[in-house]
Amino acid sequence: MRKRKGFTLIEIVLVLAIAGLMILMVFIALPAMQRAQRNTERKNALSIIIAGMTQWTRHNAVGSVSDNYTKAWTPAGFCTFYVKYVGPDVVDPSSGEPYRIALWGTTKVINCITKEVTDRGMYDPDVHGRSPNSHWANMEVGDIQYDDVAACKDEDFDDDLGKSSGVKLFAFRIRLEGGGATCMDSGGGSVGTITPIGIFSKIADYEL
């Protein structure tokens, strides 16, 4: 009988090398896939928030919710809207906590569900310049910024664009993992005739 020839040392090393390379590729790709999935959830959260604000404007016959930090808990304030129309179940996939919102006129982000306020130190005119978009400078992953009269233009809010269509637009943007962000605005709806999210709203992804 002929003896069966076994694997040579080179063949064994080659197989192990290929297996190791495949495992390495999985370990490299998996975090990126998980990060992309979390960022998708964050984008979906913006859709949910805008859909909630759409309902708010219908029920209250106003163009948008005030973005003034000092009015956050007034009847027309952002947190009053957020608690009723968004609620505690919309959470950041990394922290499992409700999203933190940055409103104009403050360096703070606010968790409307827990009422926790965190100072980001976001706006220093001497450091960041005079642009209102400088509030974005120190925001962290999962922080959401809101402007009650704006549209998305590249990486910034554009207040003039938010007014130019003859309809008062509002916009949100959220910091994503990996250095990017997503901006979404109400994109052309008007009180009483607002089209459901996904038709008029638009998303602009960009890298910072």
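The values are calculated or read from the model by the stated rules, or taken from the named source; none is laboratory data. In this text the structure is predicted, and so the values were computed from the model without any measurement. Here the Cβ is made from the backbone with ideal geometry for all residues, glycine too, and neighbour counts use every protein chain on show.
What are the residue pairs meeting all of these: first residue in segment 18-37, first residue within 20 Å of Thr182 (Cβ to Cβ), second residue of a type in the set (A, V, I, L, M), Cβ atoms under 9 Å, and 6 or more apart or on different chains? Note: pairs meeting the criteria are Arg35/Leu176.
Evaluating Gly189 against the criteria (1) surrounded by fewer than 18 Cβ atoms within 10 Å (Cβ to Cβ); (2) at pLDDT below 60 leaves one unmet condition, (1).
Only residues that are aliphatic (A, V, I, L, M), part of a loop (DSSP other than H, G, I, E, B) and either at pLDDT below 80 or over 15 Å from the mean Cα position of the chain (by Cα) (or both) were counted in segment 141-163, giving 2. Among all positions in segment 53-68, there is no residue which is among the aromatic types (Phe, Trp, Tyr), outside any helix (DSSP H, G or I) and either out of contact with any Leu (no Cβ under 7 Å at 6 or more places or on another chain) or exposed (fewer than 14 other Cβ atoms within 10 Å of the Cβ) (or both). Tell me, please, whether a residue that is among the hydroxyl-bearing types (Ser, Thr, Tyr), in a helix (DSSP H, G or I), at pLDDT below 95 and in contact with a helix residue (DSSP H, G or I) (Cβ under 8 Å, 6 or more places away or on another chain) can be found in segment 76-88. Yes, that holds for at least one residue.
Out of segment 58-100, which residues are of a type in the set (Phe, Trp, Tyr) and closer than 19 Å to Asp119 by Cα? Matches in segment 58-100: Tyr69, Trp73, Phe78, Tyr99.
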